[in-house]
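Below is one structure, written out as structure tokens; the observations come after it.
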Amino acid sequence: MYLPYIAITTKLFMKSISLLTLLLLTLLKADAQPGKYSGTKKSLIGKIFEDSRNLAALKGWAFMEGGLANSLNDTERIMSHVFKKGTSYVVLFSIMEDTASDKYTVVDVVEII
């Protein structure tokens, strides 16, 4: 008796969930742009460095901490580094593509004022 109603409702529900998921993913993709929140430090994106604690571009900034975002067994290492100067913070996201070279490439920067 209620079977056709349930089938139609389920089909509409699945279509609406699929549409909402697609919309959400599109909005997230549009929002995730490198450098969007980098402020005055946007020029750091693409820079290559070897020592994460002493960056020439961040002279006067104190290194606070760093972290590894993936496994040590991965061929690429994704790192984050936090620097502080006064009440401002800069977070660098970098990738070490070749673990033998010890060179990091900055892929995104977030400046918190």
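FYI, it's all coordinate maths here, none of it is from the lab. Please read these numbers as outputs of a predicted model, since none were measured by experiment. As a convention, Cβ positions derive from the backbone with ideal geometry for all residues, glycine included, and neighbour counts pool all protein chains shown.
Going 7 Å from the Cα of Asp102 toward and past its Cβ, which residues in region 52-69 have a backbone nitrogen under 20 Å from where you end up? Residues 52-58, 63-69 fall inside that zone. Taking a straight Cα-Cα cut-off under 16 Å and skipping sequence neighbours fewer than 8 places away in the same chain, the aspartates and glutamates within cross-link reach of Lys103 are Glu50, Asp51, Asp74, Glu76.
Between Tyr89 and Ile113, what length comes free when the chain is fully extended (0.36 nm per residue of separation minus the Cα-Cα distance, one decimal in nm)?
Numbers: separation 24, 0.36 × 24 = 8.64 nm, distance 0.65 nm.
Full extension of this stretch gives 8.0 nm more.
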